[in-house]
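The values are calculated or read from the model by the stated rules, or taken from the named source; none is laboratory data. Everything numeric here is computed off the predicted structure, so don't read it as measured data. A quick note on method: Cβ atoms are made from the backbone with ideal geometry, for glycine too, and the neighbour counts reach across all protein chains shown. What goes into the accessible areas is simple: the full protein's heavy atoms, side chains included, and nothing from ligands, DNA or RNA. Shrake-Rupley method; radii C 1.70, N 1.55, O 1.52, S 1.80 Å.
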Amino acid sequence: MKVSRNWLQTFFEKSLPSSQTLADALTFHAFEIESVENDVLDVKVTPNRGHDCLSYRGIAKELSAILNLPLVPHPYGITDVSLEPKTNALKVTIENPQLCPRFSAAYINGVRVGPSPDWLRTALESIGQKSINNIVDATNYVMFNIGQPLHAFDAAKLVEKEGVRALHVRMAEKEEKMLGLDDKEYSLAPSMLVITDGNTLGHSPTGELGEAVSIAGIKGGKPTGIDENTTGIILEAANWDGVTIRKTSQALKLRTDASDRFQQVISPELTAYGLKAATDLIIKLAGGEVAGFVDEYPSPQERRQVTVSTQKVNKVLGTKFSDADIADVFTRLGLPFTKTSEMSSHWAVDIPFERLDLVIPEDLIEEVARIVGYDKIPTAELSPFEDKPMVNANFYTAEKTREELMHNGYSEVCTSVFVDKGERAVANKVGGERPYLRSKLVDGLKDALERNVRNKDLLGLKEVKLFEIGTVWKEGKEVTLVCTADESGVAEKALGEESSDAYEDLPVSTTERYQPFSKYPSIARDIALWVSAGTTPEDVLATIRKAAGELLVRSEKFDEFKKDEKLSLAFRLVFQSFDRTLTDEDANSRMSSVNTAVEKEGWKVR
Amino acid sequence: MSDARGHLHPISSLIREANAIFYRMGFSYAEGPLLEDEWHNFDALNVPKDHPARDMQDTFFIKDEPGFVLRTHTSNVQIRYMESQIKKGIKPPYRIIVPGKVFRNEATDMTHEAEFFQMEGLAVGEDVSLANLKGTLARFFQELFRGADVEIRFRPSFFPFTEPSVEVDMRITGANAPEKLRDRWIEMMGAGMVHPQVLKNAGVDPDTYQGFAFGIGLDRLAMLRWGIDDIRLMHSADLRFVNQF
């Protein structure tokens, strides 16, 4: 979520520290920060905090706790908002309250739709939002500010019957259509929730139900949207089932800031607070007056208390925090608590309604750890293990097999488990290529052998020898095979199982750094020379390397014999470029430089 | 011509080294299936169906075998190992590492692979703490980067199967640190204290036992350690790569 420092400042009395300081505070105590640009932080809110921290209010509360900065007192508490007076001019009905635990709405008359003031436009634009008009901007502002998505209907575009407008929440019908505010027509399904105009019976595909005016919690409908002539609005602040919203959003490929919040599950307690905040802001910006509220909330959210002891906190974290340390964390986080027993330091914490993530004692332990700071967790080695660890027979055998094969010149490779044919396949592979799981290793290794043989000279190998120890799926089972490949053939067999009561001490790689290699083919040339008896191969190689230049990537002696007082030496030279395929002429010109250089030394090219 | 002895794949070399270090700390090497049921890969690890946390993983589902996936992490073996111990009547302490292949259904590029290697660590006992996690990882990296000084840092994070959850950073200092890694914090892995529900799901009493778990990407560790620039080299079967190790 994008968080602007200026907007965040509205929650604090004192001036906030720099954006970088805020970013560091969040990084080490709450959330990863994706970027900090122009005083806007991109905060990666974790899924467990999507309930409360996809909002400025949530982030401000975190920073208040972390930096110990007081928040500006809010004129009214979240839970003591009164949605009064009630109105009879709007009726809300919910078919399945489990999927719509709460639906709050305000009926506001006499608004003047117009452009938003500068402060509001600036605030929304600072986080990449487009300003639309004062009504829509007010609802968006409140959503980002406190986390409750809202939607405004033009009251005049809903059908009135005997002085009453009606909103009904139900599941969509098969292939029910709705034109969204984004001018796209959406085709809905019975798994999706819609808000309908309850006074338009006979408009649904079955011809029985009311017309869909909003894809619940995701996107409002165009025909009932706000325009420049709107004067009466019905402002909706509802609570929706997260799974339903998530599935609908995925099915329609329609992600909105509202669906992002609802799919994380937010508290139904928040609707009243959000509605009140948005109503106040709309009246401030667009005039008008509230005719009244409606609030359908059949089963209010239950209060939760979680308990934890100081001893448990320290046992899990391996720390020595005092009662005062723990009480301080709860206070800073705004978690009301009582100490249930002075002696044993048990804490009972009344979980604020929006902290749906705090359920078990360990959740509170995490709060203590992160607010105090993970740097305060000591570094302690485990106590010695009472028993001797087990030697894994499969791993022991695999290691032994590796050693034997490497001893015989085989190098270990790894090939993909995904192939063109096999007994089992994956259903949803990105790109769709090679969806089968291999039932043997030989095909992969045969292919690897062919590819490596081409580089034999470059690798300085007489023969390419490969092996792989890998998983295959055959005859309905998952088994480990060992496969070898060399110029005499490719063969695989089951990896045996040997056991031992100790691992052998086997060598590991001593390589310091990997060197990237050229993807272009190499050219090999041989040169054989007569030299005098006192000349060493190293003397000759030094001359060759100097003359051959930087395209020479490998040079080795491959033959040596003595005849009379003369010595014959033969070398293989491999040329390769990092940025192109070499031509024969490239190699020829290097070889002629080499020939000139060696003859100058008095060595005779055979 | 040159060396008659063959070469060990760098991932195998890392696993060999890691196993030796963890063995000395009392950890056994454990394994489990790559083609796994959803219970062991998700549900038992406190990742219920339809939970946004399942979206954090891009999962390969098995065709015509509903309820089966290619494991998205080595954490499935946490459950399988504890289940099998309990079945045998063996109560904690448990200490295991689980090196092995895992899968992610995504397009591949220089830093992303659909199949890669991970190493899980799990220690459960009556008093295994988050401080022990720090100490264990510090010792592992200290021994892996012999001669250099290693610091471990935690940052808050979220995983459904740990509570508290942390992101683990490492910083290597001193003259023996690999030059490209020296003096900077590097994100290494996710870890945390095993969620009590996970212990319960595996049959271990969370009122008596607690423990830590971590999951480190071995390809990434190899890439950092040796300066390997493309993760796809691991499965390239190219000796121009393998023979450098």
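Taking 20 Å as the cut-off, the amide N atoms of region A:405-440 that come nearer than this to a point 7 Å along the Cα-to-beta-carbon line of B:GLU65 belong to A:415-430, A:432-440. Between A and B, roughly 8600 Å² of accessible area is buried in total, ligands, DNA and RNA not counted and the probe set to 1.4 Å. Protein-only accessible surface at a 1.4 angstrom probe places the residues A:THR307, A:THR510 in the order A:THR510, A:THR307, largest first. Packing here is the average count of other Cβ atoms within 10 Å per residue, and on that basis the peptides A:542-550, A:456-464, B:219-227, highest first, run B:219-227, A:456-464, A:542-550. Modelled spin labels at A:ASN229 and B:ASP109, positioned 7 Å past Cα toward Cβ, are 4.9 nm from each other. Whole-Hz Karplus values for region A:357-368 come out as 7, 8, 10, 10, x, 4, 5, 6, 4, 5, 4, 5 Hz, taken residue by residue from phi with 6.51 cos²θ - 1.76 cosθ + 1.60 and θ = phi - 60°; glycine and proline positions read x.
Dipole magnitude of region A:523-605 about its Cα centre, charges +1 at Lys/Arg Cβ and -1 at Asp/Glu Cβ only, in debye to the nearest 20?
Charge dipole, region A:523-605, about its Cα centre: 60 debye, nearest 20.
For A:LYS566 and B:ALA4, a Förster radius of 25 Å and the Cβ-Cβ distance give a FRET efficiency of 0.25, rounded to the nearest 0.05. Between the residues A:THR379, A:ASN408, A:ALA425, the greatest Cα displacement towards the positive end of the dipole of region A:370-429, with unit charges on the Cβ of Lys, Arg, Asp and Glu, is found for A:ALA425.
In terms of its alpha-carbon gyration tensor, region B:21-146 comes out oblate; a/c meets the 1.5 threshold, while b/c is at least as large as a/b. Listed peptides A:215-221, A:594-600, A:160-166 appear in the order A:215-221, A:594-600, A:160-166 once ranked by packing, highest mean of other Cβ atoms within 10 Å at the front. The alpha-carbon of B:LYS88 sits under 18 angstrom from the alpha-carbons of these lysines, leaving out residues fewer than 8 places away in its chain: A:LYS388, B:LYS200. Spin-label model, A:LYS247 to A:LYS546: label points 7 Å out along the Cα-to-beta-carbon direction sit 7.8 nm apart.
For region A:23-49 versus region B:196-237, the spacing of their alpha-carbon centroids is 24 Å.
For the set A:LYS462/A:LYS604; A:LYS421/B:LYS63; A:LYS440/B:LYS101; A:LYS465/A:LYS546; A:LYS174/A:LYS222; A:LYS477/B:LYS49, the pairs lying more than 23 angstrom apart at their alpha carbons are A:LYS462/A:LYS604; A:LYS465/A:LYS546; A:LYS477/B:LYS49.
For the peptide A:182-191, the mean number of other protein chain Cβ atoms found within 10 angstrom of a residue's Cβ is 0. Compare B:GLU106, B:GLU115, B:GLU31 in a GNM of chain B, Cα atoms joined below 10 Å, and give the one with the largest fluctuation. The residue that fluctuates most here is B:GLU106. Relative protection proxy for B:193-201, A:430-438, A:22-30, from highest mean packing down: B:193-201, A:22-30, A:430-438 (other beta-carbon atoms within 10 angstrom).
Under 9 Å from the Cβ of A:ASN452, count the other residues' Cβ atoms, weight Lys and Arg +1, Asp and Glu -1, and hand me the total.
Taking every Cβ under 9 Å from that of A:ASN452, the sum is +2.
Backbone geometry of region A:534-543 corresponds, through the Karplus equation with coefficients 6.51, -1.76 and 1.60 at θ = phi - 60°, to 3J(HN,Hα) couplings of x, 7, 9, x, 5, 4, 5, 4, 4, 5 Hz, x marking Gly and Pro.
Over region A:304-376, what is the mean sequence separation of C-alpha contacts under 8 Å (at least six apart), divided by residue count, expressed as relative contact order in percent? Please report the intermediate quantities before stating the final value.
Working: 86 pairs, mean separation 29.9, N = 73.
Contact order relative to length: 41 percent.
A 1.4 Å probe run over the protein chains yields, for chain A, 46 Å² of accessible area per residue, whole-number rounding. Think of each Lys and Arg Cβ as +1 and each Asp and Glu Cβ as -1; about the Cα centre, that makes the dipole of region B:10-242 roughly 740 debye.
In this rough spin-label picture, where each label sits 7 Å from Cα along the Cβ direction, the A:THR206-A:LYS320 distance is 7.0 nm. Ligands, DNA and RNA left out, the 1.4 Å accessible surface of region A:365-463 is 48% carbon and sulfur atoms.
How do B:VAL204, A:VAL508 stack up against each other in accessible area, from largest to smallest, with a 1.4 angstrom probe? Present the calculation step by step, with values, prior to reporting the outcome.
Numbers: B:VAL204 5, A:VAL508 45 Å².
From most accessible down to least: A:VAL508, B:VAL204.
For A:HIS51, nonlocal amide neighbours, meaning residues 5 or more places apart or on other chains whose placed amide H falls under 5 Å from its own, do not occur.
What value, in deg cm²/dmol to 500, does the helix sum -39500 (n - 2.57) over DSSP H runs of n ≥ 4 give at 222 nm once divided by the residues of chain A? Working shown, then result.
Details: 16 runs with 173 residues, N = 606.
Only helices count here, giving -8500 deg cm²/dmol.
Over region A:393-505, what relative contact order in percent results from Cα pairs under 8 Å that are six or more residues apart? Once normalised by length, the contact order is 29 percent. Counts of other chain beta carbons within 10 angstrom of each beta carbon in peptide B:117-130 average 3.
Put a plus charge on the Cβ of each Lys and Arg, a minus charge on the Cβ of each Asp and Glu, and nothing anywhere else: the dipole of the protein assembly as shown about its Cα centre is then about 900 debye. Per-residue shielding of A:397-409, expressed as the average number of other chain Cβ atoms within 10 Å of the residue Cβ, stands at 3. Just checking the listed ones, B:GLY26, B:GLY89, B:GLY100: in the Gaussian network model of chain B with Cα springs under 10 Å, the one fluctuating most is B:GLY89.
Return a whole-number percent for the relative contact order of chain B, with Cα pairs under 8 Å and 6 or more residues apart as the contact set. Don't jump to the answer; show the numbers that get you there.
Numbers: 467 pairs, mean separation 54.0, N = 245.
Answer for chain B is 22 percent.
Using a probe radius of 1.4 angstrom, the carbon and sulfur fraction of the accessible surface of region A:1-57 is 44%.
So what is the 222 nm mean residue ellipticity for chain B from helices alone, if each DSSP H run of at least 4 adds -39500 (n - 2.57) and you divide by all residues, rounding to the nearest 500 deg cm²/dmol? Show your work: numbers first, answer last.
Values: 7 runs with 65 residues, N = 245.
My calculation for chain B gives -7500 deg cm²/dmol from helical runs alone.
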